[in-house]
Every structure is written in C-alpha cells, then in structure tokens.
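Enquirer: One structure, as structure tokens, below. Some questions next.
The values are calculated or read from the model by the stated rules, or taken from the named source; none is laboratory data. Predicted model, so just to flag it, every value in this text is computed and none were measured. A quick note on method: Cβ atoms are made from the backbone with ideal geometry, for glycine too, and the neighbour counts reach across all protein chains shown.
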Amino acid sequence: MRPSTEVDLAEIVREATGPLRIVGGGTRGIGQAAGEVLETGGLAGITLYEPEALTLIAGAGTLLAEVEATLAEAGQRLAFEPPDLRGLLGTSGDSTLGGVVASNASGPRRFQSGACRDSLLGVRFVDGTGTVVKNGGRVMKNVTGYDLVKLMAGSHGTLGVVSEISVKVLPVPEAAATVVIHGLGPSDAVAAMAAALGSPFDVTGAAHLCDSVEGYPVTFLRLEGFAASVVYRSGRLAELVAGQGESVIVTEPALVARQWQSLRDVETLQNGGEDIWRLSVKPSDAPGLIARMPQDARLCLDWGGGLIWAAIPTGTDLRVVLGPFGGHATRVRRWSEADDGIAAFQPEAPAIAALSAGLRARFDPRGILNRGLMG
C-alpha cells in the first residue's frame with residue numbers, strides 16, 4: 001500500500017484489520033516489525049520553503065536528497081547533519097525525510113546544533129485509529145500537554161505515521177577546518193575531545209577512530225564559521241591539544257567535507273560480516289566500556305565519546321558482555337539471518353516501559369503500527 005495523500009493514509013490505517021509495517025525509503029530499518037507493508041513514499045513534495053524564515057515544509061515521503069539539494073541552492077542545510085547509513089546497515093533505496101524523523105537520525109553536529117528532533121517545528125501524522133493529528137507550527141513555541149513534535153522523532157513509526165514535517169534550517173558556514181590528532185588511545189582521545197568541547201572555540205565535531213584505515217587511531221575536531229574566525233580558532237585549538245599528540249590542521253574544503261561525511265556515515269565499519277551496535281553513553285564512560293568490549297571489536301566514537309559504534313562477532317549480545325552501564329545499546333544491524341533472540345532495542349526499565357506502554361495505548365490502541373519493533 002502506497003497512499004499519495006494524507007486522506008488516503010488515514011483511511012488505510014483506520015480500515016486496517018491487522019498490523020502495518022511502516023516503510024519510508026527502507027534505508028534505516030532496525031529490528032523487524034510485523035504486518036502488511038505501508039509505504040510513505042507517495043506522500044512526497046516540498047510544499048513550502050522560505051529561505052528568509054529558515055523554514056521548510058515537506059511530505060514525509062520526500063527524498064532527503066531533494067531536500068538537501070533545494071537547501072543547497074539557497075546556501076542552507078539541515079543543522080543536524082543526517083547520516084547515510086545504507087553502507088553500514090546493508091540497505092538500499094533512497095532516504096526520506098520521514099524516515100530521518102522517525103529514527104531521529106542525527107550526525108556529528110548533534111552536540112552543537114541539537115538532534116533532528118530539536119530542528120522540528122511541527123509534524124502532521126496519522127495515529128493508530130486513523131485520526132490525523134497536527135502538533136507544532138512554523139515557529140518554535142512551547143506547547144501544553146504532549147510535545148508530539150519531539151515525541152514522534154525517534155518513535156520509529158510505533159506511535160503514528162508521519163505525513164508532513166516542518167523543519168528549521170540554517171545557513172551553510174563560509175569555511176570549515178579539522179584539527180587531526182594521531183595516535184591517541186581511547187582515554188586520551190576522550191580527554192582531548194572534552195578539552196576541545198569545553199573550550200571557547202565552538203567545536204562542531206569531535207570524533208575518534210580507534211583504528212583508521214592506516215592502522216592507527218585518529219581523533220578529529222571540526223570548526224566552522226567565517227573564514228578568518230576558523231583560521232584563528234583552529235590554530236588556537238591545535239595549541240590547546242598540542243600536549244595530547246601530533247596534530248595537523250586540514251583546511252581544504254573538499255577534504256574537510258569528505259572527512260566528516262566518512263565519520264558521519266561510519267564508513268570504517270561498513271565492511272565485514274559483523275553485527276553493528278550503537279551505544280549512547282556519557283562521554284566519560286566511553287574508555288571503560290571500550291575496555292570491556294570483545295577483543296576483536298572494531299570501534300569508533302562520535303559526539304565527543306557520547307556515541308560508540310561497535311562492530312562485533314555476529315550473535316554476540318553486547319549488553320551481556322558489557323554488563324550494566326549508564327546508557328543504552330541498540331543492535332542496528334544483524335548480520336546473520338537466523339533469529340538469535342537478541343532484541344534490537346535496549347529493554348526499557350520498568351518505569352520507562354510503563355510510560356511507553358501508556359503512550360502506545362493512547363496513540364495506537366489497537367497495537368497495529370510497527371508491532372513488535374520496540375517491545
């Protein structure tokens with residue numbers, strides 16, 4: 001089923017007699033939901049773009065590439081830097097704006113500009129009863145009751161099927177540079193990234209490859225803004241981290257862009273027959289968790305150490321290996337087709353599970369939207 005209007009979408013959901021599996025571009029699927037496929041790709045098109053107001057409104061099925069191309073023509077971009085994870089997840093197809101929102105897909109700039117949900121101005125969606133719901137608007141404002149704009153981001157289609165999205169955009173900066181540090185272990189890398197993020201130099205990216213393609217660890221610190229400011233701040237930042245290890249400053253625009261595209265899309269972990277896990281943690285906890293990883297794990301860090309990507313032998317329950325920790329672990333790719341009983345999403349604590357169940361009962365009382373995906 002592939003509705004082309006919100007009215008058709010609402011009718012399909014309202015008349016459904018069984019579970020529905022919501023699919024956008026099919027590029028970000030995690031876990032396995034049950035049900036008949038409901039594609040949102042027909043709900044496409046940019047309906048409003050006001051560069052002066054930094055606002056764009058588009059259907060959920062609008063291709064992300066179309067949105068980014070439209071913004072680029074006006075010298076603007078999505079602030080949250082959505083990653084292209086097709087290579088990492090082994091998926092194909094074309095990413096849609098709705099899929100980005102449903103998964104709250106956010107790249108290296110998250111700690112500086114916020115996550116996808118922080119750029120959303122409003123959403124329209126169809127809940128599990130077939131009712132069209134609108135929340136938010138074209139300007140940021142406080143709301144009473146549920147903040148459905150935030151709630152829908154990262155809900156993976158379990159609370160409603162997004163039909164339209166209003167998003168805040170930002171200008172593309174004039175220049176960018178990367179301070180690259182070679183040879184740091186996890187503890188020193190996290191310390192260097194923490195020092196950079198705590199500095200006044202407005203760092204917009206802080207990532208670390210535990211093993212680069214050259215075979216040694218590399219730490220990356222990004223700065224963006226006016227050209228003269230970037231030159232000054234990158235020099236000062238290099239001085240700040242000088243005691244951590246050998247560093248170089250990269251300013252060539254194409255090379256800087258390529259570095260952060262590779263980091264954004266986790267290219268170093270794309271090849272290999274392993275499961276891929278994504279851990280969200282306190283940055284200061286990252287070195288200790290890395291020390292507890294399976295010996296042959298391949299790892300990289302983003303968000304100053306707050307995001308850990310891990311490639312480990314298929315069928316390994318990383319939550320069991322690591323034991324209790326503050327944060328959550330999601331298996332985003334299962335290499336083996338056999339069901340090994342490992343849940344894709346982190347099991348929720350009882351109090352959180354009760355809240356989640358209450359929300360699903362409110363917005364999907366029949367339990368038909370992406371049933372079984374998130375527990």
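Enquirer: Mind listing just one residue for me: the one in segment 262-282 that is among the polar types (S, T, N, Q) and touching a residue at least 24 places away in the same chain (Cβ under 8 Å) and, of those, surrounded by the fewest Cβ atoms within 10 Å (Cβ to Cβ)? Step through it out loud before you land on a result.
Expert: The initial filter retains those residues of segment 262-282 that are among the polar types (S, T, N, Q), namely 262, 268, 270-271, 280.
Within this subset, residues satisfying the condition of being touching a residue at least 24 places away in the same chain (Cβ under 8 Å) are 268, 270, 280.
Working: Thr268: 20, Gln270: 17, Ser280: 14.
Out of the qualifying residues, it is Ser280.
Enquirer: Within segment 342-354, count every residue that is under 23 Å from Arg28 (Cβ atoms), out of contact with any helix residue (DSSP H, G or I) (no Cβ under 9 Å at 6 or more places or on another chain) and in a loop (DSSP other than H, G, I, E, B).
Expert: Of all residues in segment 342-354, those under 23 Å from Arg28 (Cβ atoms) come to 342-348, 352.
So of that shortlist, the ones also out of contact with any helix residue (DSSP H, G or I) (no Cβ under 9 Å at 6 or more places or on another chain) come out as 344-345, 352.
Those still in the list that are in a loop (DSSP other than H, G, I, E, B) too: 344-345.
Adding up the residues that qualify gives 2.
Enquirer: Considering every residue within segment 224-239, establish whether at least one is under 24 Å from the mean Cα position of the chain (by Cα) and either modelled with pLDDT under 95 or of a type in the set (D, E, K, R) (or both).
Expert: First, the residues of segment 224-239 that are under 24 Å from the mean Cα position of the chain (by Cα): 224-225.
Imposing the further condition that a residue be either modelled with pLDDT under 95 or of a type in the set (D, E, K, R) (or both) reduces the set to 224.
Scanning segment 224-239, I find at least one residue that is under 24 Å from the mean Cα position of the chain (by Cα) and either modelled with pLDDT under 95 or of a type in the set (D, E, K, R) (or both), so the answer is yes.
Enquirer: Name every residue in segment 316-375 that is of a type in the set (Ser, Thr, Tyr) and within 24 Å of Arg292 (Cβ to Cβ), in order of residue number.
Expert: Thr316, Thr330, Ser336 - these are the residues of segment 316-375 that are of a type in the set (Ser, Thr, Tyr) and within 24 Å of Arg292 (Cβ to Cβ).
Enquirer: A follow-up question, please. Going through segment 333-343 one residue at a time, which ones are surrounded by 10 or more Cβ atoms within 10 Å (Cβ to Cβ) and more than 17 Å from Thr158 (Cα to Cα)? Please lay out each step first, then the result.
Expert: Pass one, segment 333-343, residues surrounded by 10 or more Cβ atoms within 10 Å (Cβ to Cβ): 333-336, 340, 342-343.
Result: Arg333, Arg334, Trp335, Ser336, Asp340, Ile342.
Enquirer: Does segment 20-79 hold any residues that are free of Cβ contacts under 8 Å to residues at least 12 places away in the same chain and either of a type outside the set (A, V, I, L, M, F, W, C) or touching a Pro at 6+ places or on another chain (Cβ under 7 Å) (or both), and which are they?
Expert: Glu50, Glu52, Glu68, Glu73
Enquirer: Right, here's the next one. What is the one condition in (1) surrounded by 17 or more Cβ atoms within 10 Å (Cβ to Cβ); (2) among the aliphatic types (A, V, I, L, M); (3) part of a helix (DSSP H, G or I) that Leu255 does not satisfy?
Expert: All conditions pass for Leu255, except number (1).
Enquirer: If Tyr49 satisfies every condition in (1) among the aromatic types (Phe, Trp, Tyr); (2) modelled with pLDDT under 95; (3) out of contact with any Gly (no Cβ under 6 Å at 6 or more places or on another chain) but one, which is the exception?
Expert: Among (1) among the aromatic types (Phe, Trp, Tyr); (2) modelled with pLDDT under 95; (3) out of contact with any Gly (no Cβ under 6 Å at 6 or more places or on another chain), Tyr49 violates only (2).
Enquirer: May I pose another question? Name the helices (runs of 4 or more DSSP H) wholly inside segment 60-118 in which the number of residues that are crowded, with 18+ Cβ neighbours inside 10 Å and among the aliphatic types (A, V, I, L, M) is 1 or more.
Expert: Working: elements: 64-73, 86-89, 97-103, 110-113.
Because the criterion is at least 1 residues that are crowded, with 18+ Cβ neighbours inside 10 Å and among the aliphatic types (A, V, I, L, M), the helices (runs of 4 or more DSSP H) in segment 60-118 that meet it are 64-73, 86-89, 97-103.
Enquirer: Give the residue that is nearest to Leu20 (Cα to Cα), with candidates limited to residues of segment 344-365 that are in contact (Cβ under 8 Å) with a residue 60 or more places away in the chain and surrounded by fewer than 16 Cβ atoms within 10 Å (Cβ to Cβ).
Expert: By that ranking, first place goes to Pro365.
Enquirer: Restricting to segment 31-44, count the residues that are surrounded by 13 or more Cβ atoms within 10 Å (Cβ to Cβ) and either over 26 Å from Leu89 (Cα atoms) or touching a Leu at 6+ places or on another chain (Cβ under 8 Å) (or both). Lay out the reasoning, then the answer.
Expert: Residues of segment 31-44 surrounded by 13 or more Cβ atoms within 10 Å (Cβ to Cβ): 31, 33-36, 38-44.
Among the residues that remain, those that are also either over 26 Å from Leu89 (Cα atoms) or touching a Leu at 6+ places or on another chain (Cβ under 8 Å) (or both) are: 31, 33, 35-36, 38, 40, 43-44.
Adding up the residues that qualify gives 8.
Enquirer: Can you say whether Leu289 is outside any helix (DSSP H, G or I) and either within 28 Å of Gly198 (Cα to Cα) or in contact with a Gly (Cβ under 8 Å, 6 or more places away or on another chain) (or both), as far as the supplied structure shows?
Expert: No: the conditions fail for Leu289.
Enquirer: Quick check on my filter: what residues within segment 292-317 are of a type in the set (D, E, K, R), in a strand (DSSP E or B) and over 17 Å from the mean Cα position of the chain (by Cα)?
Expert: Within segment 292-317, the subset of a type in the set (D, E, K, R) is 292, 296, 298, 302, 317.
Subsequent filtering for residues that are in a strand (DSSP E or B) retains 298, 302.
Arg298 - this is the single residue of segment 292-317 that is of a type in the set (D, E, K, R), in a strand (DSSP E or B) and over 17 Å from the mean Cα position of the chain (by Cα).
Enquirer: If you check Leu223, Leu263, which single one turns out to be touching a Pro at 6+ places or on another chain (Cβ under 7 Å) and not small (Gly, Ala, Ser)? Walk me through how you get there before you give the answer.
Expert: On the way: Leu223 fails: touching a Pro at 6+ places or on another chain (Cβ under 7 Å).
Only one candidate passes the filter, namely Leu263.
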